[in-house]
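**Student:** The structure's right below; bear with me while I get my questions together.
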Amino acid sequence: MIRRAVVQGVGHYLPERVVPNSEFEKTLDTNDEWIRARSGIERRHFAAEGETTSQLATRAARAALDDAGLQPGDIDAIILATSTADLTFPAAATMVQANLGMTQGFAFDVQAVCAGFVYALANASALIASGQAERVLVIGAETFSRIMDWTDRGTCVLFGDGAGALVLGAESGEGTAADRGILATDLHSDGRYRDILYVDGGVSTGTTGQLRMQGREVFRHAIDKLAATAQSALDKAGLDSGDVDWIVPHQANIRIIQGTAKKMNLPMDNVVVTVQDHGNTSAASIPLALSVGRDRGQIKQGDLLVTEAIGGGLAWGAVVLRW
Ligand code: UT7
């Protein structure tokens, strides 16, 4: 028998304000047709003035705890994947911990941009498998609307705000691919590509900065790297793409999602797609898609899932889990 990190609850939170593509037509040389055709995005949510990443994360965490039928006192670690933490420090995860009224356990942020949730899942799985934690709240939450250059039509129409969370708990498995829980993880980064997707501010500049992206360059890397990391995670689990019920991809661009599914020889019927409603919410996009996919009745207990993501760094990776 081995210890597996098994999904015990899932939830999400989206800010109230929904912004359709047409809104950008008022201030930029763009249109709904271009945004839909090139990215698949139709609308996105933006946080209200003063609404922070830790607040979105707390709402998603509460929803996941309710779904699991658990209390904050049942959790011994919080991992929050975000690149838009409220403050430089402390970690936004500790703010969520305080908001939940938790004084036990430990909390920290993971910063791997759009791949952040995959990195956070790998960390949570390792903590649980090694006996350092019994139950971990894994959250992805972002307010990318705070780092947009609203004059750059190549980026500001693509991103949105939101949060999603999972409760992962230790359960014993047989050590086979039939077990529920996280079965394999595969992580990569390559810092040579920092200039194709970054924020031009931070501690060293004394400003928050704004997101800068060479979209075509990121696109060029995305499909090959995503399909390869998904395949590698499946190999580690002793599975292949024919075993997959759902790809739950990072939701950056429908063309990347379609291209990756095609490379994995899977039809779009096996892919959870939310990019039309959320835009690119960076580290929040996979847990949002998991929660929405479960609510839609797509993801069911026992299903085999592959999540995959790529973003700034470049950082990318995949996780294979049985729901
Ligand atoms: O989550 C982190 C990872 N990020 C990603 O995965 C993003 C990856 N990249 C992409 O999703 C796509 O590259 C974009 C959606 C960003 C852009 O799509 P594209 O098909 O690669 O377009 P492009 O950048 O090659 O631009 C094509 C044309 C350009 O005009 P010219 O040079 O051909 O005259 C752009 O200036 O589209 C123009 N353009 C726009 N037109 C109308 C760029 N943004 C817009 C816009 N509205 N919003």
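The values are calculated or read from the model by the stated rules, or taken from the named source; none is laboratory data. Quick caveat, the model's predicted, so the values are computed rather than measured. Here the Cβ is made from the backbone with ideal geometry for all residues, glycine too, and neighbour counts use every protein chain on show. For accessibility, only protein heavy atoms count, side chains too; no ligands or nucleic acids. Shrake-Rupley method; radii C 1.70, N 1.55, O 1.52, S 1.80 Å.
**Student:** Return the residue satisfying two criteria in turn: it lies in the range 26-38 and is charged (D, E, K, R) and surrounded by fewer than 14 Cβ atoms within 10 Å (Cβ to Cβ), and of such residues it is nearest to the ligand (Cβ to nearest atom).
**Tutor:** D29
**Student:** Out of all the residues in the range 7-25, which are in contact with a strand residue (DSSP E or B) (Cβ under 6 Å, 6 or more places away or on another chain) and either open to solvent by 60 Å² or more (accessible area, probe 1.4 Å) or among the basic types (K, R) (or both)?
**Tutor:** Correct list: R17, V18.
**Student:** Of all residues in the range 39-51 being touching a residue at least 40 places away in the same chain (Cβ under 8 Å) and open to solvent by 20 Å² or more (accessible area, probe 1.4 Å), which is farthest from G164 (Cα to Cα)?
**Tutor:** Among those that are touching a residue at least 40 places away in the same chain (Cβ under 8 Å) and open to solvent by 20 Å² or more (accessible area, probe 1.4 Å), it is E42.
**Student:** Name the residues in the range 52-90 that are open to solvent by less than 30 Å² (accessible area, probe 1.4 Å) and not in a helix (DSSP H, G or I), would you?
**Tutor:** L70, I75, A77, I78, I79, L80, A81, T82, T84
**Student:** I've got another one for you. When the residues of the range 199-226 are filtered to those that are within 19 Å of V118 (Cα to Cα) and touching a residue at least 40 places away in the same chain (Cβ under 8 Å), which remaining residue is surrounded by the fewest Cβ atoms within 10 Å (Cβ to Cβ)?
**Tutor:** So the residue we want is H221.
**Student:** Restricting the search to the range 95-111, which residues are under 20 Å from the mean Cα position of the chain (by Cα) and of a type in the set (S, T, N, Q)?
**Tutor:** Q97, Q111
**Student:** Further question on the same structure: If I filter the range 113-123 for residues that are away from the ligand (no atom under 13 Å from the Cβ) and either open to solvent by less than 10 Å² (accessible area, probe 1.4 Å) or among the acidic types (D, E) (or both), do I get at least one hit?
**Tutor:** Yes, some residue in the range 113-123 is away from the ligand (no atom under 13 Å from the Cβ) and either open to solvent by less than 10 Å² (accessible area, probe 1.4 Å) or among the acidic types (D, E) (or both).
**Student:** So which of A252, A230 ends up being out of contact with any His (no Cβ under 8 Å at 6 or more places or on another chain), closer than 26 Å to R4 by Cβ and either open to solvent by 60 Å² or more (accessible area, probe 1.4 Å) or not assigned by TED's automatic domain parsing to the domain that holds F46 (or both)?
**Tutor:** A230
**Student:** Would you confirm, using the coordinates I've provided, whether I247 is open to solvent by 20 Å² or more (accessible area, probe 1.4 Å), in the same structural domain as K300 (by TED's automatic domain parsing), closer than 25 Å to Q298 by Cβ and within 16 Å of the ligand (Cβ to nearest atom)?
**Tutor:** No, not satisfied.
**Student:** Then there is this: Could you figure out which of (1) surrounded by 24 or more Cβ atoms within 10 Å (Cβ to Cβ); (2) more than 14 Å from the ligand (Cβ to nearest atom); (3) part of a helix (DSSP H, G or I) isn't true of I139?
**Tutor:** Checking I139 against (1) surrounded by 24 or more Cβ atoms within 10 Å (Cβ to Cβ); (2) more than 14 Å from the ligand (Cβ to nearest atom); (3) part of a helix (DSSP H, G or I), the one that fails is (3).
**Student:** Which one of these is at pLDDT 95 or above, in the same structural domain as T53 (by TED's automatic domain parsing) and either in contact with a Gly (Cβ under 7 Å, 6 or more places away or on another chain) or outside any loop (DSSP other than H, G, I, E, B) (or both): Q97, Q132?
**Tutor:** Q97
**Student:** V306 - would you say it is among the aliphatic types (A, V, I, L, M), away from the ligand (no atom under 15 Å from the Cβ), under 21 Å from A228 (Cβ atoms) and free of Cβ contacts under 8 Å to residues at least 40 places away in the same chain?
**Tutor:** Taking the combined requirement at face value, the residue does not satisfy it.
**Student:** Here's something else I'd like to know. Counting only residues that are under 29 Å from T155 (Cβ atoms) and of a type in the set (A, V, I, L, M), how many does the range 234-269 have?
**Tutor:** Result for the range 234-269: 9.
**Student:** Here's another thing I want to ask about it. Mind counting the residues in the range 142-173 that are crowded, with 24+ Cβ neighbours inside 10 Å and among the hydroxyl-bearing types (S, T, Y)?
**Tutor:** Of the residues in the range 142-173, 1 are crowded, with 24+ Cβ neighbours inside 10 Å and among the hydroxyl-bearing types (S, T, Y).
**Student:** Please determine whether any residue of the range 84-95 is in contact (Cβ under 8 Å) with a residue 60 or more places away in the chain and in contact with a helix residue (DSSP H, G or I) (Cβ under 9 Å, 6 or more places away or on another chain).
**Tutor:** Yes, that holds for at least one residue.
**Student:** What's the total number of residues in the range 265-296 that are open to solvent by less than 10 Å² (accessible area, probe 1.4 Å) and away from the ligand (no atom under 16 Å from the Cβ)?
**Tutor:** 4
**Student:** Sticking with this structure for a sec: Hey, does the range 284-291 have a residue that's farther than 27 Å from E42 by Cβ, under 16 Å from the mean Cα position of the chain (by Cα) and not acidic (D, E)?
**Tutor:** No, the range 284-291 has no match at all.
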